[in-house]
Amino acid sequence: MSTVRLFFALWPAPSLAATLAAWAEQARPSCGGRVMRTETLHLTLAFLGPVDAALADELAAATPERRLAPEDMTLDRYGVFGRQRILWAGPGDTPSGLQAAHDELWQWLSGFGLAAPPQPFRPHVTLLRNIEHASPPADAPAPLAWRYDRMVLVASESQSGGSRYRIVAQSRPQGA
Ligand code: ATP
Ligand code: MG
């Protein structure tokens, strides 16, 4: 059976994505590496990996019935995943509302036979890949306020030159 690689994410509005792209540009002289395309920037809430196509359809159909409690989050620091050679932007501490959303999401996904990874949740937006120096600028740009009210379900499709993301569903925004 064919599989689909899926993840749930927070997707920034274009203006927020543009500001995050400026964060990437600011870090690039000290880190090197490759800047992510602005329209692909996101914060992964849950990476599901490859799931059977039938389950992917089921999740896409069920996602619009889910809600994500709206919260304000502040991105105020750079971070590095050295082994993966990634430079990211994220909140200092994981906001409790976002951690709860992550835990609830995995609780729901466990009903579909999916299991959360053992590692703790580290919310981040990947800005640079293949960095050459694990040394982000000491100071991040001005803190960035992100008010989110929904999550999206994304299919990640392998293509020559990297993955392509396709949003297949979104949760029901507050008030809708
Ligand atoms: P590629 O792997 O082809 O270079 P990609 O990393 O952009 O492309 P995916 O691997 O499908 O695409 O990942 C989609 C999102 O999920 C990215 O934000 C990625 O960082 C995140 N992700 C991937 N693998 C994991 C994992 N094991 N745990 C947590 N997040 C992951
Ligand atoms: Mg990947």
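No value in this document is a laboratory result; all are computed from the given coordinates. Keep in mind the model is a prediction, meaning the values are calculated, not measured. Please note: Cβ atoms are built from the backbone with ideal geometry, for glycine as well, and neighbour counts cover all protein chains shown.
Summary of values
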quantity	calculated
Distance-filtered residues of segment 110-134 - backbone nitrogen under 15 Å, label point 7 angstrom along residue 1 Cα→Cβ	112-114
Lys, Arg +1 and Asp, Glu -1 on Cβ, resulting dipole of the chain about Cα centre, debye, nearest 20	440 debye
Summed residue charge, Cβ within 12 Å of residue 162's Cβ, Lys/Arg positive, Asp/Glu negative	+3
Fraction in percent of alpha-carbon pairs per bin - 10 Å, the chain	9, 37, 37, 15, 2
Degrees separating the helix 53-62 axis from the principal Cα axis of the chain, which is the longest one	90 degrees
Inter-probe distance in nm under a simple model that places probes 7 Å from Cα toward Cβ, at residue 38 and residue 108	3.1 nm
Compactness index (Cα Rg / 2.2 N^0.38 Å), segment 6-53	1.39
Crossing angle, helix 96-110 versus the chain [Cα axis fit, 0-90 degrees, rounded to tens]	40 degrees
In sequence order, calculated HN-Hα J values of segment 35-40 (Karplus, 6.51, -1.76, 1.60; Hz; x Gly/Pro)	6, 5, 5, 4, 6, 9
Degrees between helix 14-31 axis and first principal axis of the chain (Cα, 0 to 90, nearest 10)	50 degrees
For segment 46-90: rounded, prolate or oblate by the Cα gyration tensor [a/c cutoff 1.5]	oblate
J(HN,Hα) series, segment 147-162, from Karplus relation 6.51 cos²θ - 1.76 cosθ + 1.60, nearest Hz, glycine and proline x	9, 9, 9, 7, 10, 10, 9, 10, 9, 9, 10, 6, 9, 4, x, x
